[in-house]
Amino acid sequence: MINHIRHNKEEWIDKATQKYQHNSSLDTVIKGGAINRSMEEVIQTEHLTKYYGKVRGIEDFTLTVNKGEIFGFLGPNGSGKTTTIRLCLGLISKTSGDITIFGLDSHKDSVQIRKRVGYVPGDFGLISNIKVKNYLNYLLSLSNCKSDDRMKELAARLDLDLNRKTHELSRGNRQKVGVIQAFMADQDLIILDEPTTGLDPLMQQEFYKILRKEKEKGKTMFMSSHILAEAEAVCDRVAIIKEGRLKIVEEIASLQKKTGKVLDVEFRSPVDVEEFRLPGVSEIKVDNNRLLLTINENLDSVIKAVANHKILNMNLKTYSLEELFLRYYKDTGRGEDNVR
Amino acid sequence: MFGKVILMEFRSGWKGFSIFAFLILLLSVGMPQFYPPYRDSLITELEGAQNVSINVPEDGDITLSWEPVERASYIVLEDTRSSMVTAEPIYMGNETVITFPKDFEDRFYAVMAVLDDDQVLIGIATTGKAKDPLEDYMNSPIYAGFTGGRKLSMLEAKGFLTMEFFGFWWILAGLFIAYMSVSAITGDFEGKRMDLIFSTPISRGRYVLEKFTTMSVVSLVVILVAAVGLIGGIASIELSSEFDSNTVFTALIGGLPLFMVIAAFGILTAVIFQKTKAGIGVTFAFVIGGFFLYTFGSYSESLEWMKSLSIMNYWDYCSVIFDGVFKMGDFIGLFIASFVLIGLAILIFKKKDIPT
């Protein structure tokens, strides 16, 4: 039965994906980018391509990140997220195309750009055997930032003891150092490569609060992640990449609306499907006492209809983004580990 | 502001620097202490050389004779080189006079007394023109890397310290500088620290220059420690009149740009290979290769061109020690070479991707 439901779920996801693609093709997104150019563009790439020798990093990437938004960059390991981020910072050079940050060339004007950028690398090390505060002060001094007030404030928020030695830190605490150093110089653009890796759920929530507060201050954030719930929780827009190519750029709210929620209910006894053909319900599947509904809107009415029956188990998921994501990868599996 | 990376290098690496500086201090203070006993033993050996006499007639056999030693038998070794490294025994027995046919080539003979299980050198003689076979032994080309190609007298403090300190210390300090300069960069690559450093507005050029400046300062400190130690060590055996502090200091400070070249070469290999093992391997080869090139170049005139390929050729401490001449051209040339190498390192680093 479970296999049957899973099969049905995949069918719905395919349909949702097709529907999404029909409504929002990449061309539309790019055109949308052009329309939005009246907004202040912080990151802009045009047909950006990076090859490591013969190995593809990213290919033909055209993307715009606007001032004041939290932009999520989604893809599995090896899809090209880190490559894009490191191109932004001039850590690696492009093979072709263009990439500008604040209107400046990411490689030639890298130093100027980095005066306004904070960055949490996906994988980083610290100088060992010195105090955390000394290491952070060192990075602050390289950023020509004289005040360490922000550093102390962030350390307090993330519950990090600045007097600890760097080599004594756990994975999670090391990640906190990464987060603090990215935000402590009060930069205009923060680039985050899977920033919550290693953070416990409590700290993740605190981190999201920091992101939202920075957004309120007008800061721009470009965040890669493979945690889709995270992107849904904090991002304004997301891009999904597959095999180094950009597949979707869309606002989270719009994406959620298009892909909907899935309600999975198990009743004590069989129910009549017709009861649930309500406005906003796009798909209904029944398997004995189990009901799967795809809901795009009018959630209140659906829940009330479900509540008319004896419920054994119920689960409402906003996991459509993940399912959409999986849809893009299920054709090729994860066979792109050779890509950084 | 320039200097932040330098300060951090010292802050994180001060233990390593301090330990090495202490070792250099021990070496430089300690080495002169070995001179008086060595000189005394050498005088004894030279006296021993007088105990062997050789007669090389125009025609006829060579006669080699020596003072008898009670209850001893004797071994005579022969070699075409004063180093005696390929010597072969030509006589074993109880006689104190032996004759053998003359050869047209110069030969060296070492006479050993065998007493119970011990072998004692009675003396050395040669059919050649060397006035003092032991002096000739020390001045063999195979030691040119240590003697700077000079004919040294080990009976003088200058000769002893040139051979035993100056000849070794630059290799020791050079390898340390090589290791530190390579790992100063590759440590950031392999320790995954590059991303954080270059998320700040520091240019790659400034980063490399600050690392190079750190290594130059370390080189200067190591030289100053060696100078203080050596001057103190010489003073402690009351030989400052023979080997004055100015000469010691000038000879040592002349090595500063040599170490800067090694540091720049290390940084260059580090940015090219981005791996500690590869960078250190190549830089060590550069230092040790310099020693061997100089030595091979001293073997014969036809091989002298090899010396010009060695960095050692451009720090002539012997010229300062024995002639009182400081070769400013070489000194400046090495400085320029270090800046050229570091410029090349910056150019390459700017073009290369920083790996994850």
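General remarks:
- The set of residues in the range A:113-128 being among the hydroxyl-bearing types (Ser, Thr, Tyr) and under 22 Å from the mean Cα position of the chain (by Cα) consists of A:TYR119 alone.
- Identity of the residue in the range B:177-208, polar (S, T, N, Q) and in a helix (DSSP H, G or I), that ends up farthest from the other protein chains (Cβ to nearest Cβ): B:SER181
- The range B:77-95 - residue that is surrounded by fewer than 16 Cβ atoms within 10 Å (Cβ to Cβ) and assigned to a loop (DSSP other than H, G, I, E, B) and, of those, modelled with the lowest pLDDT: B:VAL85
- Members of the range B:339-356 found to be more than 14 Å from every other protein chain (Cβ to nearest Cβ) and either surrounded by 19 or more Cβ atoms within 10 Å (Cβ to Cβ) or outside any helix (DSSP H, G or I) (or both), listed by number: B:LEU341, B:ILE342, B:ALA345
- Boolean, A:ASP236 is under 26 Å from the mean Cα position of the chain (by Cα), not assigned by TED's automatic domain parsing to the domain that holds A:MET314 and not hydroxyl-bearing (Ser, Thr, Tyr): yes
- Identification of strands (runs of 3 or more DSSP E) wholly contained in the range A:168-287 with 2 or more residues that are aliphatic (A, V, I, L, M) and farther than 23 Å from A:GLY68 by Cβ yields A:261-267, A:281-287.
- Number of positions in the range B:64-76 that are part of a loop (DSSP other than H, G, I, E, B) and aliphatic (A, V, I, L, M): 2
- First in the range B:229-253 and more than 13 Å from B:TYR35 (Cβ to Cβ), second anywhere and aromatic (Phe, Trp, Tyr), Cβ under 8 Å, 6 or more apart: B:ILE231/B:PHE249; B:THR250/B:PHE326; B:ALA251/B:PHE166; B:ALA251/B:TYR317; B:LEU252/B:TYR317
Residue-by-condition table, conditions (1) within 21 Å of A:GLU40 (Cα to Cα); (2) modelled with pLDDT of 95 or more; (3) not in a helix (DSSP H, G or I):
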| residue | (1), (2), (3) |
| --- | --- |
| A:PHE61 | yes, no, yes |
| A:PHE73 | yes, no, yes |
| A:PRO76 | no, no, yes |
| A:ILE85 | yes, yes, no |
| A:THR100 | yes, yes, yes |
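- Top-ranked residue of the range A:204-229 - restricted to ones that are within 14 Å of the chain's Cα centre (by Cα) and among the small types (Gly, Ala, Ser), ranked as farthest from A:ASP193 (Cα to Cα): A:ALA229
- Of all residues in the range A:117-172, those that are at negative phi, polar (S, T, N, Q) and without any contact (Cβ under 8 Å) to a residue 40 or more places away in the chain total 7.
- Selection within the range B:97-119 - hydrophobic (A, V, I, L, M, F, W, C) and either modelled with pLDDT of 80 or more or closer than 11 Å to B:ILE62 by Cα (or both): B:VAL97, B:ILE98, B:PHE100, B:PHE108, B:ALA110, B:VAL111, B:MET112, B:ALA113, B:VAL114, B:LEU115
- When the range B:298-332 is filtered for residues that are among the hydrophobic types (A, V, I, L, M, F, W, C), more than 19 Å from the chain's Cα centre (by Cα) and within 16 Å of B:PHE249 (Cβ to Cβ), the ones remaining, listed by number, are B:VAL325, B:MET328.
- Matching residues in the range B:1-15 - criterion: being within 9 Å of chain A (Cβ to nearest Cβ) and in contact (Cβ under 8 Å) with a residue 24 or more places away in the chain: B:LYS4, B:VAL5
- Selection within the range A:138-161 - assigned to a helix (DSSP H, G or I) and within 19 Å of B:MET194 (Cβ to Cβ): A:TYR138, A:LEU139, A:LEU140, A:SER141, A:LEU142
- Filter result for B:LYS211 (under 17 Å from the mean Cα position of the chain (by Cα), of a type in the set (Lys, Arg) and in a helix (DSSP H, G or I)): no
- Spans of helices (runs of 4 or more DSSP H) in the range B:256-338 with at least 2 residues closer than 30 Å to B:ASP353 by Cβ: B:256-273, B:276-297
- Only residues that are among the aliphatic types (A, V, I, L, M), more than 8 Å from chain B (Cβ to nearest Cβ) and out of contact with any strand residue (DSSP E or B) (no Cβ under 8 Å at 6 or more places or on another chain) were counted across the range A:99-155, and they come to 6.
- Just one of (1) closer than 22 Å to B:ARG193 by Cβ; (2) within 10 Å of chain B (Cβ to nearest Cβ) fails for A:CYS88. It is (2).
The values are calculated or read from the model by the stated rules, or taken from the named source; none is laboratory data. Bear in mind the structure is a predicted one, so any value in this text is a computation, not a measurement. FYI the Cβ positions are ideal-geometry reconstructions off the backbone, even for glycines, and counts take in every protein chain you see.
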